[in-house]
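Written below as structure tokens is the structure these notes are about.
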Amino acid sequence: MSAERVNVAIIGGGLMGREIAAAIQRWPALVDHPVRPRLTAVCDIVPAALDWFDQIDTVTLKTTDYADILADDSVDVVYVAVRHDLHERIYTDVIRSGKSLLAEKPFGIDAAAAAAILEAIGEHPESFVRCSSELPFFPGAQLAVDYVRSGALGTIVSARNSFLHSSDVDVHKPVNWKRQARYCGRAGVLNDLGMHTWHVPLRLGWIPDSVYGVLQDIVPERPGPDGELVPSDTWDNATLHSWVQTETGRFPLTTETMRIAPGQKNTWEFEAIGLDGGVRFSTKRPKTVEIFTVTEIPGGGREQVWQSVDVGSQSVWPTVTGPIFESGFSDSILQMWAVFLAERAGVLGDRFGAARPEEAALTHEIYRAALLSHDEQRAVAVERGDR
């Protein structure tokens, strides 16, 4: 059967918009995917940002008004990457247009915005919606997830998921919207990067009962447009210590979300330790997954052992890339889009999928608890509602 053709539009032609456009151009690398996307429209409020897309010959609409995209009946799917304070309006407009949406984190500037987006989804079930989160699609991350799902950990002792970013280590870097609460949201780095550290735990069913938040505003002022220092009033780093209850018992889950992580570039790490086994993976070493076990050592009795496994290139959706080769960031974005469009088409099955709207909304409740915890220096319960 021939692949279904899906026309894609991008609202927000910045860094991630260009990454998504590049990923769509690499679509033939996927093996037997049931959908074939074409990028046909791009919107950005800065006209010069649209020039980059001239090299993609399938793009027939370039505009500074996203209403033009919503009015285009040929567009099926919209990817939106804009400031957090614009999420609620643009996301709900896309959903109410009936088009499918892959939305950037944090899925609204706060819990109220996320709730409004969920309400629009409920009113328009024809709009398939997911939230962007690409790093769990590294092959090593998928092996780690499958290891945990297998039950090999036994009773879980502890788990950790970290996103260690270094873009703000330079204290002279000018302020921008990500460093201003009125645009980014009071949760700061949690809004900006927190989905990276919660997609996998929430998909594993690790919803925290309580959170203790440790938040850092390391660089409270940055140069403004004229070079004079202005407030940079968002949290730079956030470490959340949580309690999670599972069938095997209660265990501590730590998530670290950092814009100022000296010595790092853009590192995602996951670790889970149990009485029977353990697993850890870092994008710093993209081919290597470490597995913990207790095993018989010839002549040495039973010992605890960490073993290294090379994972190669294959992730959720198979590709033409040789399985012995390494995977990278652009490959994880391609995988995210592959599973998004496969799930939209109803053929993903039980494979790991893109972040769901309800998961994105739940992160806002976790962030609320973390902010209150930091303010009051105590652990705060996470309100789970009907979840």
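The values are calculated or read from the model by the stated rules, or taken from the named source; none is laboratory data. These numbers were taken from a predicted model, which means no experiment stands behind them. Note: ideal-geometry Cβ built from the backbone for every residue, glycine included; neighbour counts use all protein chains shown. Surface accessibility is based on the protein's heavy atoms, side chains included, excluding ligands, DNA and RNA. Shrake-Rupley method; radii C 1.70, N 1.55, O 1.52, S 1.80 Å.
Which listed residue (LEU240, VAL230, TRP206) has the Cα farthest towards the positive end of the charge dipole for region 185-256, taking +1 on Lys and Arg C-beta and -1 on Asp and Glu C-beta about the Cα centre?
Positive-end residue among those listed: TRP206.
Is the shape of region 101-148 rounded, prolate or oblate, going by the alpha carbon gyration tensor and its root eigenvalues a ≥ b ≥ c, with a/c under 1.5 for rounded and a/b larger than b/c for prolate?
The shape class here is prolate.
Please identify the helices of the chain, taking whole runs of DSSP H, that span at least 24 Å along their own axis as judged from the Cα atoms and have a mean Kyte-Doolittle score of -1.0 or higher.
357-376
Could you tell me what percent of the accessible area of region 1-160 is made up of carbon and sulfur, with a 1.4 Å probe and every protein chain present?
Carbon and sulfur together cover 51 percent of it.
For region 275-332, build the charge dipole from Cβ charges (+1 Lys, Arg; -1 Asp, Glu) around the Cα centre, then report which of ILE297, THR283, SER313 sits farthest towards its positive end.
THR283
Quick one: among MET195, MET16, MET336, which has the greatest mean-square fluctuation in a GNM of the chain with alpha-carbon springs under 10 angstrom?
Evaluated over the chain, the most mobile residue of the options is MET16.
Using the Karplus curve 6.51 cos²θ - 1.76 cosθ + 1.60 with θ = phi - 60°, what ³J(HN,Hα) values do you get for each residue of region 210-221, in whole Hz, with x for Gly and Pro?
In residue order, the calculated couplings are 8, 9, 10, x, 10, 10, 10, 9, 7, 10, x, 9 Hz.
Restricting to the chain, compute how many DSSP beta bridges are antiparallel as a %, nearest 5.
So the antiparallel bridges in the chain amount to around 65 percent.
Taking the Cα centre of the chain as the origin, how large is its charge dipole in debye, to the nearest 20, when only Lys and Arg (+1) and Asp and Glu (-1) carry charge on their Cβ atoms?
520 debye
Quick one: ranking ARG378, ARG89, ARG182 by accessible area, 1.4 Å probe, largest first, what do you get?
ARG182, ARG89, ARG378
Give the Debye-formula value of log10 I(q)/I(0) at each listed q (0.20 Å⁻¹), with one equal scatterer per alpha carbon of region 86-241, two decimals each.
-1.27
For region 314-370, just say rounded, prolate or oblate: build the C-alpha gyration tensor, square-root its eigenvalues into a ≥ b ≥ c, call rounded for a/c under 1.5, and beyond that prolate if a/b exceeds b/c, oblate if not.
oblate
Determine how many Å³ per residue the convex hull of the Cα atoms of region 221-308 encloses.
In region 221-308, the Cα convex hull volume per residue is 148 Å³.
For the chain, what's the relative contact order in percent, using C-alpha pairs closer than 8 Å and at least 6 residues apart?
Once normalised by length, the contact order is 19 percent.
With θ taken as phi - 60° and the coefficients 6.51, -1.76 and 1.60, list the Karplus ³J(HN,Hα) couplings across region 261-269 in order, rounded to whole Hz; mark glycine and proline as x.
Result, ordered by residue: 10, x, x, 10, 10, 7, 9, 10, 9 Hz.
Using θ = phi - 60° and the Karplus form 6.51 cos²θ - 1.76 cosθ + 1.60, what ³J(HN,Hα) does each residue of region 287-299 get, whole Hz, x for Gly and Pro?
8, 10, 10, 9, 10, 9, 7, 10, 9, 7, 9, x, x
So for region 1-151, Kirkwood radius off the Cα pairs, Stokes-Einstein at 37 °C and 0.692 mPa s: how many µm² s⁻¹?
Answer from the Stokes-Einstein relation: 200 µm²/s.
Could you give the spread of the C-alpha atoms of region 235-387 along their three principal axes, from largest to smallest, in whole angstroms?
Cα spread of region 235-387 along its principal axes, largest to smallest: 52, 49, 37 Å.
For GLU228 and ILE324 in the same chain, what is the full-extension length gain: residue separation times 0.36 nm, less their Cα-Cα distance, in nm?
29.4 nm
Counting just the Cα atoms, what span does region 184-259 cover along each of its three principal axes? Round to the nearest Å and put the largest first.
Sorted largest first, the three principal extents are 56, 19, 15 Å.
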